[in-house]
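Heads up: the structure comes next, in structure tokens.
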Ligand SMILES: O=C(O)CCC(=O)C(=O)O
């Protein structure tokens with residue numbers, strides 16, 4: 001199944017979205033999903049950053065204030081099988097400065113939790129590959145307004161609960177979602193803080209035709225369960241190990 005993704009990225013394109021996004025519903029197997037979730041769960045407690053609406057692990061380390069990654073390898077469980085061989089075979093990171101992801105955020109959402117509309121910003125090459133584990137979730141995509149361009153308005157954006165998404169992407173467990181280019185730079189994305197995703201149909205979910213288990217959503221809704229995402233990115237600025245002390249404030 002997964003090995004035969006045949007590197008056919010075009011077949012996975014979400015055609016109703018602005019350029020570019022791709023959805024592969026069967027990216028990791030059930031065994032791999034269970035193994036990855038166990039790896040996330042077995043990370044030492046200090047690895048978790050507790051935020052008000054989710055918790056987060058940052059691998060290999062958080063970026064510095066100047067958006068620099070202190071160069072060190074990702075742990076092997078985040079490399080194989082997701083990066084090697086699968087993302088490499090898809091070739092999506094070929095044009096990124098480091099040719100492969102060097103940074104992974106692990107997000108965990110319990111029912112009722114989410115993430116406010118935001119953009120991922122200039123620290124990264126404009127490409128995110130997200131592996132979803134444990135349960136489905138809907139990612140909302142919003143058109144960026146001129147107000148969003150102004151940093152000083154960030155707070156009001158974060159508290160604007162009336163804002164309606166322009167597109168909705170259903171991410172099934174075990175799937176891969178790739179967003180890049182205009183969709184990365186010109187839009188915001190977020191996840192609603194709800195215990196149930198509803199109004200699900202071919203008319204409202206832009207990757208409906210690419211779903212693996214449409215029948216699960218035929219009632220038009222599902223109850224949220226704990227969902228974990230692995231978001232793979234390429235950080236543009238990387239400090240070589242020898243220079244890391246400088247970034248950490250050492251001599
Ligand atoms: O969990 C997700 O799919 C989205 C995460 C996200 O938006 C982020 O880490 O910036």
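A short reminder: the numbers here are calculations on the coordinates, not readings from a lab. The shown structure was predicted, so the numbers you read here are calculated from the model rather than taken from an experiment. Cβ: placed from backbone, ideal geometry, glycine included. Neighbour counts: every protein chain shown.
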Could you compute how fast the chain diffuses translationally, taking Rh as the Kirkwood radius over C-alpha pairs and applying Stokes-Einstein at 37 °C with viscosity 0.692 mPa s? Give it in µm² per second. 174
So for the pair residue 48, residue 98, with labels modelled 7 Å out along Cα→Cβ, what separation do we get in nm? 2.6
Relative contact order for region 3-243 using alpha-carbon pairs under 8 Å, separation at least 6, rounded to a whole percent? 32
Grab the beta carbon distance between residue 223 and residue 66, set R0 = 41 Å, and tell me the FRET efficiency rounded to 0.05. 0.45
So between residue 34 and residue 8, what do we pick up on full extension, going 0.36 nm a residue minus the alpha carbon distance? 6.8 nm
